Structure formats: structure tokens, C-alpha cells
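All remarks here apply to the structure that follows.
The values are calculated or read from the model by the stated rules, or taken from the named source; none is laboratory data. As the structure is a prediction and not an experimental result, all values here were calculated from the model. We place every Cβ from the backbone using ideal geometry, glycine too, and count neighbours over all the protein chains shown.
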Amino acid sequence: MDPSKAEEPQLRHVEKDVLIPKLMREKAKERCSQHVDAFNRCCKDSGFFMVFKCQEENAALKECLTQHYQDPAFFEECKQEYLREKQEYQQTGIPAKNRKQKLPTSM
């Protein structure tokens, strides 16, 4: 048995199949932002005909996102980020989204 794997916490079903993939989708959209922007621009410019006119942009976006979704290293990166956020929450009781907010500078 690999000793580095023994220390890793067991993930619940919802973490492995829902929460980490959600984080992956968010991060993949950031990494594919140029394709997201191109697809959004095309849709806005094409109106009702976007289904026909934006096939190329849609295909490029899907390909970029799929590459990330199927990358085991990307899953591991997102899993480690999720575990860090989970550990911080357990220590502080403050969710990650609230920790990222700026505190007021004047009191």
C-alpha cells in the first residue's frame, strides 16, 4: 500500500461525483474563457439563428471543456483544492465564498 495514499481522506459520493465536478466545470470555464467569449459573442450577434451560425464556436468550446473534464491531473488538482477548502471550513467555520470577500477597512 502506498503510504501517501493512506493519509488522504475518504471522499463521500456527493464530493466525488457532484462537488468536485462542479469545481472542475467552474475552473474549466475560466481556462476556456476565450472559447466561452467567442461563443457568447456569436450567440448575441446571431439571434435566433445561433444554432446554425455558431456551430464552429460551440464545437471549439465543447472540445476545450471536454479536454479538461477528461484530464485525470485536472481532477486531482480540483480535488486537492476542494480538500483544502473543506479543511479551512472545518477549522474556521467560514465557507470559502465568505472568506474571499473583502473586509471593511473602516470601523
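Some values worked out for this structure:
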{"quantity": "Flag for ALA28 being at pLDDT 90 or above, small (Gly, Ala, Ser), under 16 Å from the mean Cα position of the chain (by Cα) and not in a loop (DSSP other than H, G, I, E, B)", "calculated": "yes"}
{"quantity": "Among residues of segment 40-85, those that are within 28 Å of LYS97 (Cα to Cα) and either part of a helix (DSSP H, G or I) or among the aliphatic types (A, V, I, L, M) (or both), counted", "calculated": "23"}
{"quantity": "Count of residues meeting criterion [β-branched (Val, Ile, Thr), touching a Phe, Trp or Tyr at 6+ places or on another chain (Cβ under 8 Å) and farther than 14 Å from TYR69 by Cβ] in segment 8-53", "calculated": "0"}
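Each row is one residue, and each column tells you yes or no for (1) touching a His at 6+ places or on another chain (Cβ under 7 Å); (2) surrounded by fewer than 11 Cβ atoms within 10 Å (Cβ to Cβ); (3) touching a residue at least 12 places away in the same chain (Cβ under 8 Å).
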site	(1), (2), (3)
PRO9	no, yes, yes
HIS13	no, yes, no
GLN34	no, no, no
ASN40	no, no, no
LEU61	yes, no, yes
TYR69	no, no, yes
GLU85	no, no, no
